[in-house]
Amino acid sequence: MEKDYDWAEEKKVNMPYIIEVVLEKNAEISSFLNKMIRDFNNEHSIHHRKVRREGSKQPINIIVMDEDKKWVGGITAEVYWEWLEINKFWFDEKYRGKGLGGLLLEETERIAIDKGAKKALLTTYEFQARSFYEKKGYEVVGEVKDYPPGSSYYTLVKSLI
């Protein structure tokens, strides 16, 4: 790792350890921190421990293809903690507004209910699909304003039962 500058020296801090600032992506640092956070969560939360057991997270992946079998949209999600978490949901623009998104969302929710989900969770930006999700029964429970600048980032939930 290349040291970009000596933070401790700049801050005039006398420490019995070294602080290194790296101003580029670093997989080793990210991996270390992910492991430490995972270990902490496992130690303090039975729910985190359980979900990490093999087979505890139940994936749902649905893809839509045109007549040439070209992918034009789809959804990825997981069921755990009795929740459906929608991770990715997208359609090519020429396929939007035709009801396909609603069908995929409904099918994903139906599968999730069969897998034990009672609630659903997703995030979206103001310029994405907030109104679509609200029409489907999702409610905004959180908003980060001006993220990105001039827009908002939302967390939405829905009761599935």
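No lab work stands behind these numbers, since they all come straight from the coordinates. Note that the coordinates shown come from a computational prediction; the quantities given were computed from them, not determined experimentally. With ideal geometry, Cβ positions are generated from the backbone for all residues, glycine too; neighbour counts draw on all protein chains shown.
A compact table of results
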| quantity | calculated |
| --- | --- |
| Exposed GluC sites (Glu not before Pro) absent - longest run of the chain, DSSP non-H/G/I/E/B, at most 16 other C-beta within 10 Å | 83-125 |
| Cα-projected label distance for LYS35 with TRP71, points at 7 Å along beta-carbon direction, nm | 3.1 nm |
| Estimated inter-spin distance, LYS50 and PHE127, nm [label 7 Å along Cα→Cβ] | 4.1 nm |
| Sites excluded, chymotrypsin sites (Phe, Trp or Tyr not before Pro) in DSSP loops with at most 14 other C-beta within 10 Å, longest stretch of the chain | 18-126 |
| Above-threshold pairs, the threshold being 29 Å between Cα atoms, out of LYS88/LYS145; LYS25/LYS98; LYS25/LYS136 | LYS25/LYS98; LYS25/LYS136 |
| Interatomic Cα distance distribution for the chain, bins of 10 angstrom, percent | 9, 25, 28, 22, 11, 5, 0 |
